[in-house]
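Below is one structure, written out as structure tokens; comments come after it.
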2 protein chains.
Amino acid sequence: MFRFISSILGFVLILAGQADAEPASTGIQPSPNGIQLPHGYKDWSVLSVSHRVDNRTLRAIVGNEIAIKAARTGQTNPWPDGAILGKMVWKETSEQHWPKAIAPREFVHAEFMLKDARKYRNGTGWGWARWTGLEQKPYGKDANVAQECIACHTPVKSRDWVFTTPAELP
Amino acid sequence: MFRFISSILGFVLILAGQADAEPASTGIQPSPNGIQLPHGYKDWSVLSVSHRVDNRTLRAIVGNEIAIKAARTGQTNPWPDGAILGKMVWKETSEQHWPKAIAPREFVHAEFMLKDARKYRNGTGWGWARWTGLEQKPYGKDANVAQECIACHTPVKSRDWVFTTPAELP
């Protein structure tokens, strides 16, 4: 009887976990690993910004409400379940009227880390996905697409796999 | 009688204009020109980002709801009344685990342009203000503080005084 209740409870928790980690669909095709494009990410608040001089891109790093709350209260190692971090990435250009300001040119991609320690317990505790271009085409060939993300993020395994330090704000 | 009604109407419009352009106080001292720190700017959505290599700062450019809607519908020359543009500015550093990524170090200031074509009709159509440091100290010595902002922004007078081009997004 205990095993039966335990199984039911597990199933319910799995469903709840999926609801947390996979927000409402936006009509865009999901990532090959099944992750849906997070809804409304363009409206999220800023966690940080960066300029990658190696591949000449500018980035805005944003977070959903759970992530922003976690950042502002220092709960980022580990990040809480339900936190989603997003990066909006652009090629760089020089601001026409202030050439010493490097500013965005065309949009490259939006990429995401979705924290769910139980759902992704056999990996990093995060789901990983990217959509490229203005058409938001899912990135990657198959369900193992996250391996490429994880390989790059391995140097920050001890920071819960996250490069970004939330920027200092008043 | 017409003059009397006209005067009353003008007074009501002035009050309405002030309500638009000066959001709820946050307990921070106002700018010397009377502008209050816009409420909740840290939660606003991203308009763009930039890296000023001349003074080694990184910036997130954000907007209130009116500004974001204007940016997404291309209504930015002129920007509509009620639009507020904010810049959060940090000194630059290298990302510890990815040195070719330039990322924020300490917070420098938050600065704002508040559009109100009628209220600021004798100037640029914008109110200008800045608060420095984590303590958000109002910047400038007197009510003419905006002259310094305007001097710098004069090259973009034909762009409604705004350097930022809203970044391309899906």
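Every read-out reported here was derived from the displayed coordinates using simple, explicitly stated rules and does not represent laboratory data. Values in this document were obtained by computation on a predicted structure and should not be read as measured data. Neighbour counts are summed over all protein chains in view; Cβ atoms, including those assigned to glycine, are modelled from backbone coordinates with ideal geometry.
Between B:ALA117 and B:LEU134, the simple label model (points 7 Å from Cα in the Cβ direction) yields a spacing of 4.2 nm.
Past the 19 Å Cα-Cα mark, which pairs from A:LYS69/A:LYS115; A:LYS91/A:LYS137; A:LYS119/A:LYS141; A:LYS87/A:LYS119; B:LYS42/B:LYS119? Distance filter (> 19 Å) returns A:LYS119/A:LYS141; A:LYS87/A:LYS119; B:LYS42/B:LYS119.
Rounded, prolate or oblate: which one fits segment B:113-170, using the alpha carbon gyration tensor with axes a ≥ b ≥ c (rounded when a/c is under 1.5, else prolate when a/b beats b/c, else oblate)? Mind showing how you got there, number by number?
Numbers: a/c = 1.91, a/b = 1.21, b/c = 1.57.
Verdict is oblate for segment B:113-170.
Shielding of peptide A:102-109 by partners, expressed as the average count of other chain Cβ atoms within 10 Å per residue Cβ, is 5.
If R0 is 22 Å, the Cβ-Cβ spacing of B:ILE28 and A:GLU65 corresponds to a FRET efficiency of close to 0.40. What separates the B:GLN147 label point from its copies, with the point 7 Å along Cα to Cβ, is 6.6 nm, written shortest first.
Sorted from shortest to longest, the distances between the B:GLU106 label points of this copy and the other copies are 4.1 nm, with each point 7 Å from Cα along the line through the beta carbon. Look at B:VAL62, A:VAL108 and count the other Cβ atoms within 10 Å of each Cβ; fewest to most, that gives A:VAL108, B:VAL62. Inter-copy label distances for A:GLY133: 5.0 nm (label point placed 7 Å from Cα along Cα→Cβ; shortest first). Taking a ≥ b ≥ c as the square roots of the eigenvalues of the Cα gyration tensor, an a/c ratio of 1.5 or more together with a/b no larger than b/c marks segment B:52-170 as oblate. What shape does segment B:39-103 have by the C-alpha gyration tensor, where a ≥ b ≥ c are the square roots of the eigenvalues, rounded means a/c under 1.5, and otherwise prolate means a/b greater than b/c and oblate the rest? Verdict is prolate for segment B:39-103.
Sorted ascending by nearby beta carbons within 10 Å, beginning with the fewest, B:SER94, B:SER48, A:SER158, B:SER31 become A:SER158, B:SER94, B:SER31, B:SER48.
Take each residue in B:91-97, count the other chain C-beta atoms within 10 Å of its C-beta, and the mean is 4.
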